[in-house]
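To start, the structure itself, in structure tokens.
The values are calculated or read from the model by the stated rules, or taken from the named source; none is laboratory data. Owing to the predicted nature of the structure, the values given are computational and were not obtained by experimental measurement. So basically every Cβ, Gly included, is an ideal-geometry build from the backbone, and we count neighbours across all protein chains shown. To get the accessible areas, we keep the full protein, side chains included, count just its heavy atoms, and leave off ligands, DNA and RNA. Shrake-Rupley method; radii C 1.70, N 1.55, O 1.52, S 1.80 Å.
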Amino acid sequence: DWQNLVLAQDLLMLGGGVGFSIQSEYVTALPEIHRSVSVRENPSSTYIVDDSREGWCDLIRRTLESHFTTGRSFEFSLKNIRPRGEKIKGFGGRTAGPEPLRLAVEKLSRALKPFFGKKISPLGLMDLLCIIGEMVVAGNVRRSAILILGDATDTEFL
């Protein structure tokens, strides 16, 4: 299920590590990627991303959902995300600002584009998870431990 990518993001943002399978038996069960989906930032959008772990996960979920399920493009606003360097109360550290989230959405969309109208490859799915992991570590507030299991016969993965 593509939603496991969002679960992995949430677990990584909570400080845990994740294991993820990109074995063909699971990847082939994913739906085709919808054609011509556009996800972009627009400061005047009515969908304003919440400045929280849940808000960041919701934007990634919506981005993946638009590509894997609905085929609907959408816009989002990051105007409520605190600027880089502000102190985080309760969790410790400093905020990463909106840039890591903005870049993650751009990178996810770019990584999915070659699969428009077809199924994603195991390596393509691995790329999506790595983009999410990269976003989580931005700002040096969190670490991201990911174990990816692939097929022993998948030479591209190996």
_Checking the condition farther than 22 Å from LEU125 by Cβ, outside any loop (DSSP other than H, G, I, E, B) and open to solvent by 20 Å² or more (accessible area, probe 1.4 Å), which residue from GLU65, GLU106, GLU75 passes?_
GLU75
*Within region 88-105, can one find any residue that is touching a strand residue (DSSP E or B) at 6+ places or on another chain (Cβ under 7 Å) and within 27 Å of ILE148 (Cα to Cα)?*
yes
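When region 113-131 is examined, which residues are found to be within 17 Å of ALA29 (Cβ to Cβ) and of a type outside the set (D, E, K, R)?
Listed by number, the residues that qualify are PHE115, ILE120, SER121, PRO122, LEU123, GLY124, LEU125, MET126, LEU128, LEU129.
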*For residues in region 39-61 being of a type outside the set (Asp, Glu) and in a strand (DSSP E or B), which is least open to solvent (accessible area, probe 1.4 Å)?*
VAL39
_Subset of region 78-88 [surrounded by 13 or more Cβ atoms within 10 Å (Cβ to Cβ), under 12 Å from ILE48 (Cα atoms) and not β-branched (Val, Ile, Thr)]_ = LEU78, LYS79
